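The values are calculated or read from the model by the stated rules, or taken from the named source; none is laboratory data. Values in this document were obtained by computation on a predicted structure and should not be read as measured data. All Cβ positions, glycine included, derive from the backbone under ideal geometry; neighbour counts span all protein chains shown.
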Amino acid sequence: MVVDNSEDMFDARILARKLKEDIAYRVRQYSYSIMNTTQNYRDWLQEDYERKLRLRINQICTERDM
């Protein structure tokens with residue numbers, strides 16, 4: 001969805017950065033559901049999700065030659 005709504009890879013990465021608050025919210029909801037998680041785990045989970053999102057954006061943009 002991010003790649004579809006952007007003109008190039010850099011635009012897609014900017015849009016992905018705007019999702020940071022939504023990602024943090026999802027991580028909080030997920031960690032609440034598994035309860036006894038530490039702040040370090042939640043931070044790592046959010047960073048991992050954002051890293052995977054950036055990698056996937058790069059992969060899709062490369063495939064589409066953006």
Tell me, yes or no, whether the range 24-46 has at least one residue that is under 14 Å from the mean Cα position of the chain (by Cα), exposed (fewer than 10 other Cβ atoms within 10 Å of the Cβ) and modelled with pLDDT of 85 or more. no
Restricting the range 1-39 to residues that are out of contact with any helix residue (DSSP H, G or I) (no Cβ under 6 Å at 6 or more places or on another chain) and among the β-branched types (Val, Ile, Thr), which is nearest to Ile57 (Cα to Cα)? Ile14
Applying the selection to the range 31-66, what residues are under 19 Å from Ala16 (Cβ atoms) and among the hydroxyl-bearing types (Ser, Thr, Tyr)? Tyr49, Thr62
What are the pairs with Cβ atoms under 6 angstrom where one residue, in the range 7-19, is within 13 Å of Arg64 (Cβ to Cβ) and the other, located anywhere, is outside any helix (DSSP H, G or I) and among the aliphatic types (A, V, I, L, M)? Sequence gap at least six, or different chains. Asp8/Met66; Met9/Met66; Ala12/Val2; Ala12/Val3
